[in-house]
1. For Glu169, what charge total do you get from the other residues with a beta carbon under 12 Å from its beta carbon, if Lys and Arg give +1 and Asp and Glu give -1?
2. Project the alpha carbons of the stretch 210-309 onto their principal axes and report the range along each, largest first, in whole Å.
3. How much net charge surrounds Arg124 when only the other residues with a Cβ under 11 Å from the Cβ of Arg124 are counted, with Lys and Arg +1 and Asp and Glu -1?
4. Would you mind counting up the charge near Gln21? Only other residues with Cβ under 9 Å from its Cβ, with Lys and Arg at +1 and Asp and Glu at -1.
5. So if each residue of separation counts as 0.36 nm, and I subtract the Cα-Cα distance between Asp107 and Asp281, what length gain in nm does that give?
6. Please compute the modelled spin-label separation between Arg299 and Ala235, points set 7 Å along Cα→Cβ, answer in nm with one decimal.
7. Between Arg99 and Ala152, what's the calculated FRET efficiency when r is the beta-carbon distance and R0 is 45 Å? Round to 0.05.
8. Once you place label points 7 Å from the Cα toward the Cβ at Ser290 and Asn171, how far apart are they in nm?
Amino acid sequence: MNERSVDTLSSVASLLRVKPQLQQLCRFGAQWASEHAAETDRWAPFHLVTRGGCILQLGDRVRSIRLAAGDIVVLPHGTPHVVRGSTTPPDAPGPFGIRSQPFGPVDLKTNSAGKPQTQLICGRLRFDLAHPNLLLAALPDAIVVSAADDRADASRLRMYVSSIRAEIEANLIGAAAIATDLASALFVTVVRIHLQREGADGGLLGLLAHRQLGGAVRAMLEEPARNWSLNELAARANASRASFVRMFQRVAQRAPLEFLTELRLELASRKLRNTSLALSDVAAEAGYQSESSFSRAFRRRFGRPPGALRVGHS
């Protein structure tokens, strides 16, 4: 990680505070599927694969992610999803004989009497944020860290996962507290790996970390529907209009109002995927006066109409 990335992570460290909640130890046979509804109130689900493999299908029913033992996936936006067996068809009706029972600090979900083919530890993280959009807009729908990653941080993550699994399976006094603290450290490490892998210098996290531009970008995130002028945004950055535009172009490789348009549409796309808000409400929250103007802008940006992102859209 370069010096700039370190500064970025330090600058937004307060946005990474989470309250983890371990929920389930899942042990499944060959055929199974587990559906997870959209999370609300800043909860982000996560899955740790500790044995076998599975497929995670995101809420738009288009994107699927294959996971193997040692892989970790966090869904920062609480996106609805289905986790299913590696050979289970996406339209398999079930039921799969899955039963649930208490198991120490978590519930045990299983459909296997013997040694399971797949085992996962599942839970969720609650963001401790005054303005949830600030972090949600900065992270993708799913962050996956593979067991095959040879980064030093990935090795540390595997140690966290192993320790969490050991605490849960041993079911000793204090296991829940220890496993929860480990899960919190695990999440911050996952985000750090994401920054290393994707880079943050010119993206939203890099802008947030910038000494002057950060104030303007936070203002955009907190009030995306506001009709921001360049003069207002420059004032938030404590800069002249001309200096603000030059700084923004240099860091983000685009003009401030172009960035604002993309940010609004990205926030809108996530609302469409993860909520049932009416299209008119999504358009208004994105700063558009009409559904038609919103739909045109959305199609230009994503190549399809807003309705195509709704869960269950065929």
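Where a number appears in this text, it was derived from the coordinates with a stated rule and is not lab data. Everything numeric here is computed off the predicted structure, so don't read it as measured data. Reconstructed Cβ throughout: ideal geometry from the backbone, glycine too, with neighbour counts over all protein chains shown.
1. Details: positive: Arg27, Arg51, Arg165; negative: Glu167.
With Lys, Arg at +1 and Asp, Glu at -1, the net is +2.
2. 39, 22, 21
3. +1
4. Details: positive: Lys19, Arg124, Arg126; negative: none.
Summing Lys/Arg as +1 and Asp/Glu as -1 gives +3.
5. Details: separation 174, 0.36 × 174 = 62.64 nm, distance 3.79 nm.
That works out to 58.8 nm of additional length.
6. 3.8
7. Computed FRET efficiency for Arg99 and Ala152 comes out at 0.65.
8. 6.3
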